[in-house]
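Remarks on the structure that follows.
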Amino acid sequence: MYERSGNGWRVSAGTHGQMLVALYLRDLAGIDHPGLPVLSRLAPVVKPSAAAELAPHAAGELKQEWQGWWLRILQDDAGTEQLVAPPHFPAFADSPTLQRLLRAHYGTALTWARARMDEYRGLSREHTVSGRRRVIEQLVEERSLELDGAEQVVELRLVELPLAERRAWFVEPGTVLMSQELPLDETLFRSYLEPIVELLP
């Protein structure tokens, strides 16, 4: 976890275990990412091998059920880790197709997510040591100066994920989902984050 703050501003960056599991299962089941934001596929690629397990009518149900789970993750960051409770996954009783997918593949999803989190820790340290994160610190600090006199702290949270596309997706309030490799390209990183920071209160 990376955190920096100054007078009137705060920036944090980290990854998210529940999102990693959800996105792994999305790609494993071949679910077209419904709703917003429409995140790209994962990298490394997760083959949609579980898609063949689904009956034709179940694919549509799974898509809706997965979207409901994804929205809960986005809206309730504090409580989401308790939603997944193997082996029976009682919180998914109203989502039977997703519940079956979790029962069949949760162990593999968790192993995959933990491996990505280990990789992320090294990459995050590299971003910090190399100074790549200074771009976002400067943008948020400049926004804070523009709003001089406002009582509210300008705060931005980056959720960095192993996504195939180097881009960022804004999720209100003050959260950005982004490729963990986006900071490797400073110009691209700035081009995505600058308009987002301008929207911060």
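Residue by residue, here is whether (1) part of a strand (DSSP E or B); (2) over 30 Å from Trp66 (Cα atoms); (3) aromatic (Phe, Trp, Tyr) holds:
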{"site": "Leu98", "(1), (2), (3)": "no, no, no"}
{"site": "Tyr120", "(1), (2), (3)": "no, no, yes"}
{"site": "Leu123", "(1), (2), (3)": "no, no, no"}
{"site": "Glu141", "(1), (2), (3)": "no, yes, no"}
{"site": "Leu145", "(1), (2), (3)": "no, yes, no"}
{"site": "Glu160", "(1), (2), (3)": "yes, no, no"}
{"site": "Ser191", "(1), (2), (3)": "no, yes, no"}
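Going by the conditions given, is Arg26 touching a His at 6+ places or on another chain (Cβ under 9 Å), free of Cβ contacts under 8 Å to residues at least 60 places away in the same chain and in a helix (DSSP H, G or I)? For Arg26, the condition - touching a His at 6+ places or on another chain (Cβ under 9 Å), free of Cβ contacts under 8 Å to residues at least 60 places away in the same chain and in a helix (DSSP H, G or I) - is met. In segment 132-152, the count of residues that are crowded, with 16+ Cβ neighbours inside 10 Å and free of Cβ contacts under 8 Å to residues at least 24 places away in the same chain is zero. Just one of the numbered conditions (1) more than 19 Å from Gln18 (Cβ to Cβ); (2) modelled with pLDDT of 95 or more; (3) among the polar types (S, T, N, Q) is not true of Ser144: (2).
The residues listed here are Ala22, Ala58; of these, the one that is surrounded by 18 or more Cβ atoms within 10 Å (Cβ to Cβ) and not charged (D, E, K, R) is Ala22.
A Cβ distance below 6 Å, combined with a sequence gap of six or more or placement on separate chains, defines the contacts here; from segment 176-195, residues that are free of Cβ contacts under 8 Å to residues at least 40 places away in the same chain and farther than 9 Å from Arg132 by Cβ reach residues that are aromatic (Phe, Trp, Tyr) and part of a helix (DSSP H, G or I) in the pairs Leu182/Phe189. Listed conditions (1) exposed (fewer than 12 other Cβ atoms within 10 Å of the Cβ); (2) under 21 Å from Arg167 (Cβ atoms); (3) assigned by TED's automatic domain parsing to the domain that holds Trp9 are all met by Val45, apart from (3).
Applying the set (1) over 18 Å from Leu177 (Cα atoms); (2) surrounded by fewer than 19 Cβ atoms within 10 Å (Cβ to Cβ); (3) within 20 Å of the chain's Cα centre (by Cα); (4) not hydroxyl-bearing (Ser, Thr, Tyr) to Ala109 leaves exactly one unmet item: (2).
May I ask you to verify whether Arg72 is modelled with pLDDT of 95 or more, out of contact with any Asp or Glu (no Cβ under 7 Å at 6 or more places or on another chain) and either under 26 Å from Glu165 (Cβ atoms) or crowded, with 16+ Cβ neighbours inside 10 Å (or both)?
So Arg72 fails the test.
The values are calculated or read from the model by the stated rules, or taken from the named source; none is laboratory data. The model shown is predicted, which means the values in this text are computed figures rather than measured ones. For neighbour counting, all protein chains shown are included, and Cβ atoms are generated from backbone atoms with ideal geometry for every residue, glycine included.
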